[in-house]
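Below you'll find the structure, written out as structure tokens, and then a few comments.
The values are calculated or read from the model by the stated rules, or taken from the named source; none is laboratory data. The model shown is predicted, which means the values in this text are computed figures rather than measured ones. When we count neighbours, we look across all protein chains shown, and the Cβ atoms used for this are built from the backbone with ideal geometry, even at glycine. SASA here: full protein model, heavy atoms, side chains in, ligands and nucleic acids out. Shrake-Rupley method; radii C 1.70, N 1.55, O 1.52, S 1.80 Å.
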Amino acid sequence: MNTNSLDIVIIGLSISSSWGNGHATTYRSLVKGLHQEGHQVHFLERDIKWYAAHRDLKSTPYCRLNFYKSPGELMETYHKLVRDADLVIVGSYLKDGVDIGEWVTGTARGVTAFYDIDTPVTLSKLKQKDYEYISPGLIPAYNMYLSFTGGSVPGRLEETYKSPMARPLYCSVDPDLYYPEEQPEKWQLGYLGTYSHDRQAALKALLLDVAEERPEDAFVVAGPQYPPDIDWPGNVSRMKHLPPGKHCRFYNRQRFTLNVTRHAMIDAGFSPSVRLFEAAACAVPVISDAWDGLETFFEPDREILIATSTNDVTEYLESCSDGERDQIGRRAREKILGEHSSRVRARQLVRYIGEFENVAV
């Protein structure tokens, strides 16, 4: 296989709508990186009413985007496309994902991969015998298992679930969209993320309680699906939805930005979020909760700040000088450009294909 110019098919949850959907920005970044590296990508997305009503990307120069209404339509219309592709990727949380995965692994002549953007959740579901989009029997059928979680998890996927080859493929950032920008500073600390019950306690401790203690400062929380009964301090601004095109400006108007991690990701470790990488690419100093493996992505105190309490955050806001902030942000951006950009992640994926082919020979 000529890995300099691959024909790639991705069947994923959604690339067209980022509303309450972190998959979209992950796919957009990866697809652009693959395009820039000389590969052709065809993205197939199910036409679901929720995402259709909130689409903020209807077409893109970086891939062909088509919608299908049912697994039957997918299999009939795109049989030849999937059969002849060099690589076919099926994403997690895909409706009818097991049926589609069985069809892909039985049809494709090229390399097949399952891209798990929800690995800790998936492992929990497998343990509970909940096979919503992947099953134990399907995992060995895929040539590769691409995991959003690293550390010991890929090895466990190979040993326990018999994946022929499991590798981490973390989210990435498009540096053309996320970069330092001169903006008037508006907020001391901000957070961008869809509401999640298991993140709310940390959000309260690391931002809302800080805001209560510092009424003279301005804070912001952006993201959909927050319950109406949350008691927002008066100095915390709310944005219900912020499309990706406005993320860069949003980050650059913060003095610090907050990263909060879901419990499943904390338990698994080695599971960085796309928001963490986006903020770092903007050279905005990140204050993050703690989780195993974080230090393998950013060096604490030099590239990122770790907080476990309200007092930790307050101390950073009070004691960190502008010069220190600038250095932390600059170092984090350098790390992103070197290890977590769109093109870096695309090259990593292509290397995995070469690695699999060498093992398979």
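Below is a table of values for the structure above.
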item: Surrounding net charge for residue 262, when Lys and Arg each add one and Asp and Glu each subtract one, Cβ distance under 11 Å; result: -3
item: Relative contact order (%) - criterion: Cα under 8 Å, at least six apart; region: the range 86-199; result: 21
item: Cα gyration tensor category, rounded, prolate or oblate, for the range 165-250 with a/c compared to 1.5; result: oblate
item: Proximal lysine pairs, the range 1-130, alpha carbons under 26 Å, eight or more residues apart or interchain; result: 19
item: Relative frequency of Cα-Cα separations exceeding 23 Å in the range 53-194, percent; result: 47
item: 10 Å Cβ shell holding at most 11 others, DSSP loop, trypsin sites (Lys or Arg not before Pro): longest site-free stretch of the chain; result: 241-361
item: Rounded to 10°, Cα long-axis angle of helix 22-36 versus longest principal axis of the chain; result: 70
item: Structure-based [θ]222 nm, the chain - -39500 (n - 2.57) summed over DSSP H runs of at least 4, per residue, nearest 500; result: -11000 deg cm²/dmol
item: Over the range 229-358: Kirkwood hydrodynamic radius from C-alpha pairwise inverse distances, Å; result: 16.3
item: Accessible surface of the chain, 1.4 Å probe, proportion on carbon and sulfur as whole %; result: 47
item: Surface per residue (accessible, 1.4 Å probe) for the chain, Å²; result: 42
item: Reciprocal of mean inverse Cα separation for the chain (Kirkwood radius, Å); result: 21.1
item: The range 188-250: GluC sites (Glu not before Pro) in DSSP loop, at most 14 other beta carbons within 10 Å; result: 216
item: Shape call, the range 1-134: gyration tensor on alpha carbons, a/c limit 1.5; result: rounded
item: Principal-axis tilt of helix 97-107 within the chain, Cα atoms, nearest 10 degrees; result: 40
item: With all protein chains modelled, accessible area of residue 340 [1.4 Å, Å²]; result: 10
item: Centre separation in Å (Cα based) which lies between the range 244-302 and the range 24-86; result: 27
